[in-house]
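So the structure is just underneath, and the comments pick up after that.
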Amino acid sequence: MRALPTLLSSSVLVVALAGCQAKVATVEITPANFSFRSESQSQRLTATPKEEDGAAIEGERPVTWASADPAVAAVDAQGLVKPIGSGKTTITATIEERTATATVDVLLTKAIRLPSLAAVVLVGKPSEAYAVAFTNEKGEPITPDASVGKVTWKTENPAVATVSDEGVVTGLTPGSTTLTVATKELKAEMTVTVNPAPEGAAVDGATPPAPAPPGPAPAK
């Protein structure tokens, strides 16, 4: 029977310790707003439990993470968020029945779109600048941010045609070549055919022939 007081004392101690644990009043997620512009990006979220007075509660508390739309962004058990598809959604953190949400905006640049897959230019005649557009995974036109990176142009056969940084093509000799426009993660191609300039047509950079002298005046 002597063991009974010891057991009772231990029970009282456990109850007392449990009663000392701070109660979660609110939860704060950091960051509360963020965005993705590439599938290679990710964001780690932090959920902080707080007391009524706003003081952070020390020690770890179990956190449950959930995405309102997993087709837009997914979150794992550690709060790591990854983009899935373009759109907006919220990520929720739950600690002891208290919740907080973070907003995520996903705009994925999935493809480069050129005005045409084939073009024809004349020898010595620079083309208009070929405009580059971007689309999301749904094929919808979008305006990407700086994370897409610099747009670069390259010609497969510079002896046939050259291309400037702005997408202006200049034919040098008759033939065909492939142009590639690319960013850090995307690229698109188009075929350019160079035809001879019409006989007598002025070529950029060349001096046009002098006009022929006037003929003799008609007899009266």
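Bear in mind these aren't lab numbers, they're just calculated from the coordinates by the rules spelled out. Bear in mind that the values here come from a model prediction, so they are computed numbers and not experimental data. Every residue, glycine among them, receives a Cβ derived from its backbone with ideal geometry; neighbour counts consider all protein chains shown.
The mean sequence separation of alpha-carbon pairs under 8 Å and at least six residues apart, normalised by the residue count of the range 70-142, gives a relative contact order of 24 percent. In a fully extended conformation the segment linking Thr193 and Ser35 would gain 52.7 nm over its present Cα-Cα distance, using 0.36 nm per residue. All C-alpha to C-alpha distances of the range 33-162, sorted into 5 Å bins beginning at zero, yield P(r) values of 2, 9, 15, 15, 11, 10, 9, 7, 6, 5, 4, 3, 2, 2, 1, 0 percent in whole numbers.
Local charge for Asp76 was computed over the other residues whose Cβ lies under 15 Å away, with Lys and Arg +1 and Asp and Glu -1, and equals +2. Plugging the Kirkwood radius over Cα pairs into Stokes-Einstein for the range 111-202, at a temperature of 4 °C and a viscosity of 1.567 mPa s, what D comes out in µm²/s? My calculation gives 93 µm²/s for D.
Positive contributions from Lys and Arg (+1) and negative ones from Asp and Glu (-1), summed over other residues with Cβ under 15 Å from the Cβ of Thr193, come out at -1.
Taken along its principal axes, the alpha carbon cloud of the range 56-122 reaches lengths of 73, 19, 18 Å, longest axis first.
Each 10 Å bin from zero up to the one holding the largest Cα-Cα distance in the range 145-197 carries the following percent of pairs: 26, 48, 20, 6, 0. Using C-alpha pairs under 8 Å with a sequence gap of at least 6, the mean separation divided by the residue count of the range 10-122 gives a relative contact order of 28 percent. Which entries of Lys88/Lys184; Lys88/Lys187; Lys50/Lys88; Lys82/Lys110 have Cα-Cα distances beyond 20 Å here? Correct reply: Lys88/Lys184; Lys88/Lys187; Lys50/Lys88. Mean separation of Cα pairs under 8 Å and 6 or more residues apart, divided by the residue count, gives the range 20-81 a relative contact order of 32 percent.
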